[in-house]
Structure formats: C-alpha cells, structure tokens
Amino acid sequence: MHQLVKIMDVDSKFSDISKILKGSAVRELLKYAEQPDVISFGGGMPNPLSFPIKDIEDIVHYIFENNGAKALQYGSTEGVEELRELISKRLKSKYNINGKKENIIMLNGSQSGLYMVSKVFLNRKDYVISEAPTYVGAIAAFNAQDPTWLAIDLQKDGMNMEELEDKIKFAMKEKKIPKFIYVIPTFQNPAGLTWSLDKRKHLLELANKYDLIIFEDDPYSEIRFSGEPLPPIKSFDTEDRVIYMGTFSKVLSPGIRLGYVLANDQIIRKIALLKQGVDLCTNVLSQYLAIEYLKRGIIDKQVPKIVELYRKKRDIMLDSLEKYMPKDTTWTRPDGGMFLWVTVNEKIDTTKLLQKALENKVAYVVGTGFYPDGRGKNSMRLNFTYSKDEDIVEGIKRLGNVIKKEIS
Ligand SMILES: Cc1ncc(COP(=O)(O)O)c(C=O)c1O
C-alpha cells in the first residue's frame, strides 16, 4: 500500500531576511575551481605553500604538553587574554594603533566580524556606506540586515571624496545618518588598490565632522610587495570612532578561523553580547596556536616568505596580462594583497563571458558581484596567489584569447 507523503511547505516559514539572501558569485565559482583542468583565478585562497606547517606541528605538541586542558576547554567570549595583549602590542609597534587588550575581541574569522558589526548597528533600510566595488563577503554579511547601500566610486587613491560627502549630506537631509562607512584601505579586495595618506586623513576628518563610524577592514596590510607602508586610519583616530578589524587568515592560515575587532568599549560590549548568542567563544585551540606564533616571532619570519611567494606571482600575472590581453583592457597593479581588477571592453559583459571562459578552462569572479548595486558589468577580479606560476601564464593566455574572440 502506498503511503501519502506530506511535503512540508518550508518557503512560507522562512524569515523575510532569509528570503532576500542570494548566493555569492565567489561561492558559485568554487565548484569550478575544484575541477582539475580549470585554471581558476576565482577563489580568494592563500597559497598552501604559505602555511608554516612544521612550525604549527611543533606548536601543537607544545600546547598539548603544557596547556592541553585549557586549549580544549570553552574560553571567555572576548578571547584569551594573552593573545589580545600580544595583538594590542603588535598593533602599537607595527602601526602605532592604540588599543588596550580590553578593546579587542577575538572572532572565528573576521568574516563573522562583518556579520556581527552590521548586526549591532544596522536596522532594515539603514544607510551603510562602502567603496564600489567592495568585498563580496561584506555585501553578503550586511545584506542579512537588508540595509540601503551608498556605494561610493573607488578611485586609484581611495574613495571619491566629493561623492562621499555629497552622499553623507543627502543621507543627513533625509534624517538617516549612515550607520558606518566600511572601507578596506590597503590592497583592497577586489580592486587591489590602496588609499593615499591624504584620503585616509580626509575620511577621518569627514567622520569627525559628521559624527560617523568608520569600519576599517585590514586583512592584507602585512602582505606588501612594493611601495612604502601606509598607516591604518585607526592610527589617527583620536575620537575612538574607527572599528579596526584584522585576521590571521593571510599571515598564518584561514583554516584556523581567527580574526579580531578592536573598537571602543561600548561597541566591544555589544559584539560580546551578540557573540554569546552566536558561538559563545572563539576557537580556543586556534587562539593558543596564534599566541605561540606571535610569541616565538614565527610571524616575522613567515610573512617575508609569503610576500616573496606572492610578489613573484603578482609579477608573473602582470607580465602575462601585458602579453596576452587585448589593447583596450586595463588592470590595477597592486602593491600587495591577493587580487587585481581587470576592466575589459565596455561592450563585454563578464557574466556572459564566464561561460566561454569556463569552456576554455579558465575562471575568474565577475565584477558585478562586488557592487551592491549591480555595476561592474565589464570587470572581473583575478586572484594571483593560489595558482602555480606556469598556470598563471597559461590561464591569462586562455583568458586573453577568450576576450579577444569576444571582441572580434
Ligand atoms: C576584505 C576582507 N574582509 C574579510 C575577509 C574574511 O576573512 P577571514 O574570515 O578569513 O578572517 C576577507 C577574506 O578574504 C577579506 O578579503
């Protein structure tokens, strides 16, 4: 006898917010990156050669011989004190950022910081200001609060500051104060661009003038190949209005999921309260790994190795672009980080082109994914850190051919 199976109506039960959530272009692409014959410049992954595997193995032995019980236990929501102290000292000595350990909260990856900071500040339709383009993961995280985006054009040296001030005034006139300005001033993801010192200072002046919060996301500062280091905006912050976020993902490993936020007391308290409901505490074993990584000075030996590895790859990609791209294609020349941004002939739609690129066994991330308002039709993000040197040359050659064919 057949039994009638009742199909549950899940759709009607989803929250309004979950109904508007959409998949990200990066995630969609990861499945192609896994096919062995596709050269993918799509993902945002550090190169596995950058991981200090032997050092971590030694540290793990040390932890379990000395601190095993603590490392396997729940920890405080804010994180292990010794680690927050070490981070506070490093931020002071490297970037002249003043921040006590009490103002640092450890996170399971800085991605969760994007989610929690936006959850702490944004109501539905609140204004949030970002660069255009901006990090696709920030778009996904903030969109979970359904905000109104004011995405400001990113120029070679930072945001278009006139446009920014106009948009701030426009929002003020509507009596809707933008809740925060989200920026990635150094080796921006996706564009690979870096804000000038002038624009960094100008941004803080505007924030002071209009009483706004800056959310400075800084995962890439340590990965500099060329040019002079620039101070983070947080280092000029005398009014405690900059939320600074860092991560161990690019200087140690993304798999250990360890990031942090440095902010004023009130903000840290709110994030901690929220975090108690999200995940109670940050991975304690990872925090002990990071303590030893910093304390033993391994980070200062490892980062130069990562920089060397990536500088070579960036140069190979830049040379290959020069060689294989058609004349009307332009690209950024990053001084660090993991990505560069390519703009192709304006008649080309890179979303449509992706299918052809995949048929030719090369992948990238389409530009529109990095604009909260759907711009960027003829652009793409390329990651230069993950692929083997020879694959970078071959992949750019394939991509150049696909673009040339499309134009002709
Ligand atoms: C700008 C930016 N912010 C945040 C993240 C999230 O990093 P994680 O969660 O690994 O710390 C990334 C990752 O690529 C990023 O590029």
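Read-outs throughout are calculated quantities, based only on the coordinates presented, and are distinct from any laboratory measurement. Everything numeric in this text was worked out from a predicted model, so none of it was measured. Note that we place each Cβ from the backbone using ideal geometry, even for glycine, and neighbour counts take in every protein chain shown.
Values for this structure:
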{"quantity": "Relative contact order, percent, the chain [alpha-carbon distance under 8 Å, six or more residues apart]", "calculated": "23 percent"}
{"quantity": "Hits among lysines - C-alpha to C-alpha of LYS347 under 16 Å, sequence gap 8 or more where chains match", "calculated": "LYS327, LYS356, LYS377, LYS404, LYS405"}
{"quantity": "FRET efficiency, 1/(1 + (r/R0)^6) with R0 41 Å, evaluated for ASP265 and LEU72 via beta carbons", "calculated": "0.85"}
{"quantity": "Residue-averaged [θ]222 nm for the chain, counting only DSSP H segments that reach four residues, each worth -39500 (n - 2.57)", "calculated": "-13500 deg cm²/dmol"}
{"quantity": "Tensor-based shape of the chain (alpha-carbon gyration tensor, a/c under 1.5 rounded, otherwise prolate or oblate)", "calculated": "rounded"}
{"quantity": "Dipole magnitude (debye, nearest 20) for the chain, charges at Cβ of Lys, Arg, Asp, Glu", "calculated": "380 debye"}
{"quantity": "Protection proxy ranking, peptides 47-56, 10-19, average beta carbon neighbours within 10 Å, highest first", "calculated": "47-56, 10-19"}
{"quantity": "Extension gain, ASP328 back to ASP146 (0.36 nm per residue minus Cα-Cα distance, nm)", "calculated": "61.8 nm"}
{"quantity": "Most to least packed among 391-399, 186-194 [average Cβ atoms within 10 Å]", "calculated": "186-194, 391-399"}
{"quantity": "Contact order relative to length of segment 120-258, as percent, for alpha carbon pairs under 8 angstrom and 6 or more apart", "calculated": "21 percent"}
{"quantity": "17 Å Cα-Cα reach of LYS234 towards lysines, excluding residues that sit fewer than 8 places from it in its own chain", "calculated": "LYS89, LYS92, LYS94, LYS100, LYS101, LYS199, LYS201, LYS209"}
